[in-house]
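The values are calculated or read from the model by the stated rules, or taken from the named source; none is laboratory data. These numbers come from a predicted model, not from an experiment. Note: ideal-geometry Cβ built from the backbone for every residue, glycine included; neighbour counts use all protein chains shown. SASA here: full protein model, heavy atoms, side chains in, ligands and nucleic acids out. Shrake-Rupley method; radii C 1.70, N 1.55, O 1.52, S 1.80 Å.
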Amino acid sequence: MPLLQVRDFPTELYEKLSRVADAENRSVPQQTIVLLKNALVADTDPRKRRESVLREIDNFGMEGANTFPDPAQMTREDRDR
């Protein structure tokens, strides 16, 4: 298996990565692989990335998450203020 070594990794980024790894019950190397895999897959196809984000929003069970306000109506409301 290939080995990846990163030099001059920012301390604050490593600490955040470590906290996320702890919260997910993973080691720092395991969490790094998960994050990189997700980022690289999502980055290759923007449509799939958007669909994935919308599915995550649906999973929260928020009402009205699939509807968007009319931009023209919002502009009119702002102008009327």
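Observations
- What you get for the chain, charging only the Cβ of Lys and Arg (+1) and of Asp and Glu (-1), is a dipole of about 260 debye around the Cα centre.
- When its C-alpha radius of gyration is set against 2.2 N^0.38 Å (N residues), the chain gives a value of 1.66.
- Taking the 1.4 Å solvent-accessible surface of the chain as the whole, the part contributed by carbon and sulfur is 54%.
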